[in-house]
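No lab work stands behind these numbers, since they all come straight from the coordinates. Only a predicted model underlies this, so the values are computations on that prediction, with no experimental measurement involved. All Cβ positions, glycine included, derive from the backbone under ideal geometry; neighbour counts span all protein chains shown.
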Amino acid sequence: MSTHYSRRRFLTHSSVGLLAFAGLPRVLQAMEGMHGMPKLSPNKASPNFKPDVEFELFCKPDWVSILQGKKTWVQKYSARLLQGPKDTLTDIAGSYLGPIIRLKKGQKVRIHLHNELIQPTVTHWHGLHVPAEMDGHPQYTIEPNETLVYEFEVLNRAGMNIYHPHPHELTARQVYHGLAGTIIVNDDEEAALELPSGEYEIPIVIQDRRFDGDNQLVYAGHMRDRMMGYYGDRVLVNGKLDFQLDVASRAYRLRVLNGSTARIYKLAWDDGTPITVIGVDGGLLEKPEVKPYVMLAPGERLDVWADFSGRSEGSQLTMRSAAFSGALPKMGMMHHGGSLAMGSDYPIFTVKVTRIVSDSPKLPTQLSKINWYNVSDTANPNKPIPIAISEDHMAMLLNGRLYQFNDFHDFERIKVNTIQLMEIFHAHGGGHGAASQEGGEHRGGMGMGMMHRGGMGMMGGGMGGSMMAMAHPIHLHGQQFQIVSRSVSAGTEADYATVSEGFINSGLKDTVLVMPNETVRIIKPFQDFKGLFMYHCHNLEHEDMGMMRDFSVE
Ligand code: C2O
Ligand code: CU
Ligand code: CU
């Protein structure tokens, strides 16, 4: 106990010193990164591409009513269909969120992105498997009044994906001010299930925001806010405060997205009803999973079967974020004890039964078929590609470096049409837990010495792990991956026990929450397309600080 106390005190007092010494070079590095991004001329429509669906997508400032009284300035996506099925675009009335984009597997899609902001932007199709040049990599960022044309075929299976900005170092700010939307892909396998649809299929986009006395969004760029992630003090669903869903007494399909920049939710129904999960980021599970609660980190999606049959007219049910611990550094907690501290218990939205109906669809026992890979199918069964997380007071890094364009470790060059085993782990403290597993030679080189060239060695093994250790939602562009294993090393078991039952490992993912001390092994295919595919923390403040890298698929 006393050791713990003095350690914390030591860090508090020394952080100013660390900032002065160690911080400066990294801040400069980050600015180089921004200038290091090439400027390309925006892609134009290709005459040989015959789209089934074509629409214009606009990013522009707008004013929307969120609070009583004065409207709030936002940045918003809007869209206009040029050709294709009428149900391709659905506006969410009165919301700053962009329209729901519905696509079908196999469709050829052309999108004209018009930047009507006063700053650069680019849009990324989070979760879609598209060519590298169509993926919204920050190198394709366009200036105000420019148009960027995307053309791709929908290769994904059914699932809910996201579109959001990805300009280097501006992503969090643009998402926070409203630029985000969902892309729902449908396919025949899913259609055969006849899951609840139309008015019975509801998007639930969960975000947190902070408003000033003038009803305007507040986004602070203080170093500490960026290190911990920025947290609002109000929860919005589909852009609305105190969201209430009026339902009939039957089964619904809730398509849930955590669209927050940093906040992690532990979703649970307030009356103890378990959550029935039918899908995650990469689409349907093979079979439903019934969970007491589900963790949902920024960028993650959840497909929920919510059956309100048998409930009486007027009855209510609330989706809450239940209490959990360990996601933020203990130091961070002290500064994020506001009215909506992450990990505290608070409501997210309420469901009210307003209509009694007599029949309801039944939950299918078999949902889909997933083509799983074995470790022996990977190109590197004994040598996982490392994704090393390192944390200190001034920077959150992946594989020891801040983002820089055209900067690759050898193991970040991947042969196209291969399947790779990867291991995501915390690099600090070297030698503990999973680091002692057979990890292959890559991992050895990722120790503290390499991570911190600049005299931060004191934060390493000597302290048995970083005091800045926190949870990171790690996202990989391109194809969805499968989770092979999760393991936690000693020291944080009590915290881990507050979240561990809430992970869904039985579906395809593109974002995985990695808790402090946790090691996650994944298998990811790199098929069809060469080029740059990013991997980064989907805590968007971390992403913007450079907790992001590229894989070069060659
Ligand atoms: Cu949702 Cu590279 O991001
Ligand atoms: Cu993505
Ligand atoms: Cu992070």
Query - Residue order, fewest to most surrounding Cβ atoms within 10 angstrom, among THR147, THR261 - result: THR147, THR261
Query - Local electrostatic count at LEU170 - Lys and Arg +1, Asp and Glu -1, tallied over other residues with Cβ under 11 Å - result: -2
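According to the Kirkwood expression over distinct Cα-Cα pairs, how big is the hydrodynamic radius of segment 208-352, in Å? List each step's numbers first, then the result.
On the way: mean 1/r = 0.0608 Å⁻¹.
After inverting the pairwise mean of 1/r, the radius is 16.4 Å.
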Report task. For segment 130-167 and segment 57-98, write down the distance between their C-alpha centroids in whole Å. Result -> 18
Query - 15 Å beta-carbon shell around ARG355, net charge (K/R +1, D/E -1) - result: -2
Report summary line: Exposure proxy check on LEU148, LEU257: fewest-to-most Cβ neighbours within 10 Å is LEU148, LEU257
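If you wrap a convex hull around the alpha carbons of segment 238-324, what volume per residue comes out, as a whole number of Å³?
Working: hull volume 9.5 nm³, N = 87.
Per-residue hull volume (Cα only) is 109 Å³.
Fewest first, what order do LYS530, LYS86 take by the number of other Cβ atoms within 10 Å? Could the numbers behind the result be given before it?
Working: LYS530 16, LYS86 7.
By the 10 Å Cβ count, ascending, the order reads LYS86, LYS530.
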**Report entry** Global geometry of segment 38-180, whether rounded, prolate or oblate, following the gyration tensor of its Cα atoms and the 1.5 cut on a/c
**Finding:** oblate
**Report entry** Surrounding net charge for VAL294, when Lys and Arg each add one and Asp and Glu each subtract one, Cβ distance under 10 Å
**Finding:** -1
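What is the calculated FRET efficiency for ALA490 to PHE211, with r their C-beta to C-beta distance and R₀ = 35 Å, to the nearest 0.05?
Working: r = 42 Å, r/R0 = 1.21.
My answer for the efficiency is 0.25.
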Report task. Any chance you could count the Lys pairs in segment 37-109 whose alpha carbons are under 26 Å apart, treating pairs 8 or more apart or on different chains as valid? Result -> 23
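Beyond 12 Å, how much of the Cα-Cα pair distribution for segment 346-394 remains, as a whole percent?
84
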Report task. Place a label point 7 angstrom from the Cα of ALA379 along the Cα-to-Cβ direction, then list the residues of segment 534-554 whose backbone nitrogen is under 13 Å away. Result -> 551-554
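Mind running the shape call on segment 304-389? Use the C-alpha gyration tensor, a ≥ b ≥ c as the square roots of the eigenvalues: rounded below 1.5 for a/c, prolate if a/b tops b/c, oblate otherwise.
Numbers: a/c = 5.94, a/b = 1.22, b/c = 4.85.
It comes out oblate by the Cα gyration axes.
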Query - For segment 245-323 versus segment 462-535, the gap between their alpha-carbon centres in whole angstrom - result: 21
Report task. Determine the dipole magnitude for segment 230-324: charges of +1 sit on the beta-carbon of Lys and Arg, -1 on that of Asp and Glu, nothing else is charged, the reference point is the Cα centre, and the result goes in debye to the nearest 20. Result -> 120
Query raised in the report: Using a simple charge model, +1 on the beta-carbon of Lys and Arg, -1 on the beta-carbon of Asp and Glu, nothing else, what dipole does segment 46-138 show about its Cα centre, in debye to the nearest 20?
Result: 220
